[in-house]
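Student: Dropping a structure here in C-alpha cells format, bear with me for questions.
The values are calculated or read from the model by the stated rules, or taken from the named source; none is laboratory data. Predicted model only: the values in this text are computed from it and were never measured. Glycine also receives a Cβ, built like all others from the backbone with ideal geometry; neighbour counts cover every protein chain displayed.
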C-alpha cells in the first residue's frame, strides 16, 4: 500500500490535485479533504497557505487514478481520524489567534461540512439502476429519471440528508448568532438564509439530473435520424451497389445504374428534382417529365438535363405533350450519338412549351426514311390532335431541337400546402 | 495565361479538376494554388492573386459563400466561378449573390470548364441552363410591394430571350446566331442579368429560393 507515499492526483483534481491525492492516500473522499482545506482557509488563510505548500512539495502522480485504485466504501474509521486531525488543527489555530470571531466561525464550519457531504460525488448515485419494465415502456427519459430518483442508493440519500441538516444547522446558527431572529422582520431573512442553504446543497444533484434528461432526449432524436438515413440508404444506395457489383463487366449498364441512383439520392437530399416543387405530387407536369427522363436515362446511355420553369396540372393535353416529349427524347438518345440531352420545360401564361435539344449528328428532315414514323406520327400527330404544334430544327453541326408547343393557359397546380 | 486557384474540400475532386485543366487548358490556364478549407483559401487567394478562383459551394466553415464575401471585401479583384454538385436553388442564388460570376455543376466536361474560366476571366458571366431556368422562374413573378425598382427588378424582353435559349442548352455562340446578335452583345445581356440577380432587392427572389428548399 502506498498510503504513506502521497502524490498529487492527476485526474481527480480541482486546482492542483492535492486534495485528490490526500483523499486517495488516506482512503477518504476527496470532497471531505477539500472541505477541510476550505475550513482551514477560514482560519486567516491558513488552508490556502497549506495547500500551496503541499502543491509544491507533493510529486505528481504518474499512474492514472482509476487503475491505481478504486475507492470502495467510506472507511468510517479513516473519516473519523481525518475529522479529528482537522478539528485538532482548527483548535490549534484558534489558540494561536488565526481565527475569525467565534460567532461567525462556529456556524460556518458545519455549513461547509454539510456542503461537503452533499456534494461529495459518489459515482454510484448516478449509475442507472434497473427500473421496472412498466417504466421503460414509458420511454427511456422517464425510466432514467425514475432510476435517478428511486435508484439512488439509500446511503447516498442519507448522505445528502445529513448534509442538508448540517447546512441548516449552520445557517440557522449563523442567523441566530447575528441576531437575525430578534426582530420579527428579520425572521424572513433567517428563512431566506435557510432556503438558500438547502438550494445550494441540492444544486449539483438537480443540475446533474436535468443534464442527464437533456442528454437522453438529444440522443434519442439523433438515434431516430440515424435510423431513418440508414433505412433509406439501405433501400436505395446499397441495393444499387449490389446490382452494380453483379454487372461490373457491363460499363454501360453500370453507368446507367449509377446515374439513376445519383438522381434519386439527389432528389432525396435536395428536394424533389433539383428545380423544386412538391415531391409527392405525381400528377403535375414536372413530376411526369422527371419520371420520363429517369426512364430514358436508365434505358439509354445518356444523361438528360432538365430545366423547368413553372408547373402545370396533368390533363389529357399535357399527357399528350409528355408522350411527345418522350418520343423526342428517345429519338435523340438512340440516333444523335450524344451523351447529354437538354430538356427545357416552360409553363407560360399563354402556352406550355417543351424543347428537347441535343448536339448530335443532326439530320436533314426530308431525308428521314418514311418507315421511321417516330417524328411524323408520335410527335407531330400527337401534338396536332390536342391542338398543339411541333417543330423540328436539325442540321449537321448544330444537332437537333424539337420544339413542342401547347397553346392556351394551363391549369396551374395548387401551391403545396402543409395539408396532404 | 489565366491564373487559376482551386478551393474544394474534396481531395479527389481537386486532383480531377487539376488534371483536366492541365490537359484541356494547356497554354491557357495555369493553376497557382489550391486550398481545402475556407480560412486557408482566403489567406492564399490574397497572397497569390489569381485571376479566377474555382470555388466549391459546400464546405465546412462557411462554404464558398464566405470565401467569396471575405475576399471581395478586401483588395483582391479575383473573379469567382462556383462549382457544385447541388442544384438547389437556394445554394445557387446565395453563391451568386455573394459575388460569384458564374455557376456550373461538377459534371461539366473539361473543355467547357476551360471556356467558362476564360469567360469569367474577361469579366463576363457564366450561366448554366439550370441557372438560366432559376432566373426565369424567379423573375417570372410580377414584382410587388414597395421599393420596386423597374430597372433592377425585371428582365428586358431581350434578356428573357437570351435566358430562354441558355436554358434550352444553347451555347453563347448559338444564342448569338439564333437572335442575330454578336457574341459580345449576348455576353453583355448575360452580365446584366447577373448584376440584377446580385443586386435586386426584390424580396421575391429570396423567398422564391427558400420556397424551393423542400425538406
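Student: Whether any residue in region B:63-77 is surrounded by fewer than 19 Cβ atoms within 10 Å (Cβ to Cβ), under 22 Å from residue B:193 (Cβ atoms) and touching a helix residue (DSSP H, G or I) at 6+ places or on another chain (Cβ under 9 Å) is what I want to check.
Tutor: yes
Student: Looking at B:40, B:94 in this structure, which one is in a helix (DSSP H, G or I) and surrounded by fewer than 18 Cβ atoms within 10 Å (Cβ to Cβ)?
Tutor: Residue meeting the stated conditions: B:40.
Student: Could you look through region A:293-310, keep only residues that are in a loop (DSSP other than H, G, I, E, B) and modelled with pLDDT under 85, and pick out the one that is surrounded by the fewest Cβ atoms within 10 Å (Cβ to Cβ)?
Tutor: So the residue we want is A:301.
Student: Looking at residue B:49, is it surrounded by fewer than 21 Cβ atoms within 10 Å (Cβ to Cβ), assigned by TED's automatic domain parsing to the domain that holds residue B:17 and over 28 Å from residue A:307 (Cβ atoms)?
Tutor: Yes; evaluated as a whole, the condition is true for this residue.
Student: Counting only residues that are within 14 Å of chain A (Cβ to nearest Cβ) and either closer than 25 Å to residue B:99 by Cβ or at pLDDT 90 or above (or both), how many does region B:141-168 have?
Tutor: Total satisfying the criteria: 11.
Student: Do we have residue B:63 as at positive phi, more than 14 Å from chain A (Cβ to nearest Cβ) and touching a residue at least 60 places away in the same chain (Cβ under 8 Å) here?
Tutor: No.
Student: OK, next. Residues to consider are A:336, A:324, A:332; find the one that is within 14 Å of chain B (Cβ to nearest Cβ) and either surrounded by 22 or more Cβ atoms within 10 Å (Cβ to Cβ) or at pLDDT 90 or above (or both).
Tutor: Of A:336, A:324, A:332, the one residue that is within 14 Å of chain B (Cβ to nearest Cβ) and either surrounded by 22 or more Cβ atoms within 10 Å (Cβ to Cβ) or at pLDDT 90 or above (or both) is A:332.
Student: Go through region B:103-124 and report how many residues are within 16 Å of residue B:166 (Cβ to Cβ) and either without any contact (Cβ under 8 Å) to a residue 60 or more places away in the chain or assigned to a helix (DSSP H, G or I) (or both). Even if it seems obvious, please write down each step before you answer.
Tutor: Step one: filter region B:103-124 for residues within 16 Å of residue B:166 (Cβ to Cβ), giving B:103-105, B:108, B:112, B:115-116, B:119-120, B:124.
Filter once more, keeping what is either without any contact (Cβ under 8 Å) to a residue 60 or more places away in the chain or assigned to a helix (DSSP H, G or I) (or both): B:103-105, B:108, B:112, B:115-116, B:119-120.
Total satisfying the criteria: 9.
Student: Here is a follow-up. In the list A:238, A:265, A:206, A:213, which residue meets the criterion of being in a helix (DSSP H, G or I), at pLDDT below 80 and either surrounded by fewer than 13 Cβ atoms within 10 Å (Cβ to Cβ) or in contact with a helix residue (DSSP H, G or I) (Cβ under 9 Å, 6 or more places away or on another chain) (or both)?
Tutor: On the way: A:238 fails: at pLDDT below 80; A:265 fails: at pLDDT below 80; A:213 fails: at pLDDT below 80.
The match here is A:206.
Student: List the residue pairs whose Cβ atoms are under 7 Å apart, where the first residue sits in region B:125-138 and is more than 8 Å from chain A (Cβ to nearest Cβ) and within 16 Å of residue B:80 (Cα to Cα), the second is part of a helix (DSSP H, G or I) and modelled with pLDDT of 90 or more, and the two are 6 or more positions apart or on different chains.
Tutor: B:125/B:190; B:125/B:191; B:125/B:194; B:126/B:116; B:126/B:119; B:126/B:120; B:127/B:166; B:127/B:190
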